[in-house]
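Data first, discussion second: the structure below is written as structure tokens.
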Amino acid sequence: MDINSARFGSVQINEQSVISFPDGLPGFGKLTRFAIIKCEQTEPIQWLQSIEDMDISIPIINPFLIKPDYEIEVNDDELDSIKTHSEENMIVLNIMVIPDDLQKMTVNLMAPLLINVGEMLGTQIMMDYKPLPLRYPAFDALMRFYKKETEEVGADVGADAQNK
């Protein structure tokens, strides 16, 4: 299916990759259908694009890139809501806030998104029983990630062959 995202323009979405959030997401009303859009310019930040409201695209990230020792606690009811208790079938993502001053970007560690990739079902849980911040600083960790990625790719990537 083609969607016309306010952020990304025309995007082709595979119907099988649409994630259903039966309970919606807090703060986003009755929106229940989303797709993850990977944008080369913002990797590892990805975007949770609403299929129902083209103006809604939410920045998300793998929290373990920001905080490698991140731990979540999930109860059985939360796992039942996405029809899996298997870690192999599940991905964990967290919502980011990216203000104009990028150095102040944060990730919400207290309310991760759990997605059953087999059923394409998602939920956002609130870990209010765990001492995690709603606004965990993300800028420095992302800069370390980008630096590491650049080093692993190599210094001569993109170098003009005639200048070697």
For the list (1) free of Cβ contacts under 8 Å to residues at least 12 places away in the same chain; (2) under 14 Å from the mean Cα position of the chain (by Cα), I need the number of the one condition that residue 80 fails. (2)
Can you find a residue that is touching a helix residue (DSSP H, G or I) at 6+ places or on another chain (Cβ under 7 Å) and either modelled with pLDDT of 95 or more or not in a helix (DSSP H, G or I) (or both) anywhere in region 121-130? yes
Select from region 33-66 the residues that are charged (D, E, K, R) and over 19 Å from residue 140 (Cβ atoms) and list them in ascending order. 33, 38, 40, 52, 53, 55
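The values are calculated or read from the model by the stated rules, or taken from the named source; none is laboratory data. This is a predicted model, so every value here is computed, not measured. So basically every Cβ, Gly included, is an ideal-geometry build from the backbone, and we count neighbours across all protein chains shown.
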